[in-house]
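Visitor: Sending over a structure as structure tokens; questions will come in a sec.
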């Protein structure tokens, strides 16, 4: 990038963004030298966002600026240096992996895999905004991702984040792609009941992989490295709920090679609290007191099963539920029991205050996931862009290249990777 030695005031820069761009150098993050400066940018951006008098959600990365992508097979962060002082004023990161597009190849046997980049963590100091730095960071990160084989890039944000949506769709040519739903349920002081006629079976990572490849192979975003995901230390287990009367007729050791029970549900639990934490700021004292009172009552009178609000006003963690699937007439009840089982796991884990799931907007499994509407998002906007015309391994078989960005969903199911949340 170009650099000029003349110092320019902030007012001049905002009126001359083309000059400002020449003062910026976008480069890869150096974990040894950039950590403190990146943490400062993150902190200042959070403080700016929470200073408007409304409640806000602050992210605590626990001393590791790239913690949210570190579990991915390929990841990186770019930072923006400004001026002669080489001050870090912005950053962005991405992970790259291979996933299914939700379509089969022409021989109707193998799924269509594609390498995608997930973009997140875009931050620019409030004092350096409106200088096209966000656009520059996105464009440079796209180049970084293409050099590593990514054919598509996508990002996710809440539907109310107009600034982020406009940046990606209006300035960086992304298209609104999918609108999954985020479902959140607080962890209470009392245990959730599980039906006496329901058995909860824990699957080994190998069996879970077999089952998941069978169930999700035609969904969108199912990761090719599902085996790595299931064996990760943050994965707390994969669990299946089935009616006890079918327990003797189904062999969990054979996985997908065994006939599934007529009704079952399955999910995996990911421990995000060891990666990052959230904190709610900006609420009134009256609201804080009311939430605290509900927790005290729930703790001392658990038999009343008061729907208490956990302590979200100090850094807290949560469990992320993924790989959720159910079948049969009893599927919703079995899924509810699995979510109750995960809730009870979280209750015994200090500092875990919520369980979270993200599913396709029209995924039938949504019916069986307990959640609080006031804590959930009915639409989480995913925007996608085709980065280039790189050749895929299966192009010779299909002899056609489809643009995933403009294709309608081939399935109501989206496999949400916990490494991307």
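Visitor: How tilted is helix 285-300 with respect to the longest principal axis of the chain? Cα atoms for both, answer in degrees (0 to 90, nearest 10).
Guide: Approximately 30 degrees, to the nearest 10.
Visitor: Follow-up question, since we're still on this one. What nm value, rounded to one decimal, do you get for the distance between residue 375 and residue 247 when each label is placed 7 Å out toward the C-beta?
Guide: 3.0 nm
Visitor: Same structure again: To one decimal place, what Kirkwood hydrodynamic radius in Å is obtained for region 162-243 from all pairs of distinct Cα atoms?
Guide: Taking the inverse mean of 1/r over all distinct Cα pairs, region 162-243 comes out at 16.8 Å.
Visitor: Taking the Cα atoms of region 54-97, what is the range of coordinates along each of the three principal axes, in descending order and whole Å?
Guide: Cα extents, longest axis first: 35, 35, 18 Å.
Visitor: Once fully extended, how much extra length lies between residue 40 and residue 410, figured as 0.36 nm per residue of separation less the alpha-carbon to alpha-carbon distance?
Guide: 128.9 nm
Visitor: Right, another one. Report, in deg cm²/dmol and to the nearest 500, the calculated mean residue ellipticity at 222 nm for the chain, where each DSSP H run with n ≥ 4 adds -39500 (n - 2.57) and the sum is divided by the residue count.
Guide: Mean residue ellipticity, 222 nm, calculated: -7000 deg cm²/dmol.
Visitor: What nm distance separates the two modelled labels at residue 367 and residue 162, each placed 7 Å from Cα along Cα→Cβ?
Guide: 3.7 nm
Visitor: Give me Rg over Rh for region 169-328, both radii from the alpha carbons and Rh done the Kirkwood way, two decimal places.
Guide: Ratio value, two decimals: 1.05.
Visitor: Nearest 5 percent is fine: what portion of the DSSP beta bridges confined to the chain is antiparallel?
Guide: In the chain, DSSP labels about 85 percent of beta bridges as antiparallel.
Visitor: A further question on this structure: Which whole-percent values make up P(r) of region 107-214 when all C-alpha to C-alpha distances are grouped in 10 Å steps starting at zero?
Guide: The distribution over region 107-214 is 10, 26, 26, 21, 15, 3, 0, given as percents.
Visitor: Between residue 84 and residue 170, how high is the FRET efficiency from 1/(1 + (r/R0)^6) when r is the Cβ-Cβ distance and R₀ = 30 Å? Nearest 0.05.
Guide: 0.40
Visitor: Can I ask one more? So what is the orientation-averaged projected area of region 289-392, using the convex hull of its C-alpha atoms, in nm²?
Guide: Spelled out: convex hull of the Cα atoms, projected over all directions, averaged, 10.4 nm².
Visitor: Within the P(r) computed for the chain, what percentage of the Cα pairs occupies the region above 31 Å?
Guide: Counting every Cα pair in the chain, those more than 31 Å apart make up 44 percent.
Visitor: Here is a further query. Tell me, what is the FRET efficiency for residue 200 and residue 64 to the nearest 0.05, using R0 = 30 angstrom and their Cβ-Cβ distance as r?
Guide: Result of the calculation: an efficiency of 0.35.
Visitor: Relative to the present Cα-Cα distance, how much length would full extension add between residue 31 and residue 300 at 0.36 nm per residue of separation?
Guide: Computed gain between residue 31 and residue 300 is 92.2 nm.
Bear in mind these aren't lab numbers, they're just calculated from the coordinates by the rules spelled out. None of the values given here were measured: they were computed from a predicted structure. Neighbour counts run over all protein chains shown; Cβ positions are idealised from the backbone, glycine included.
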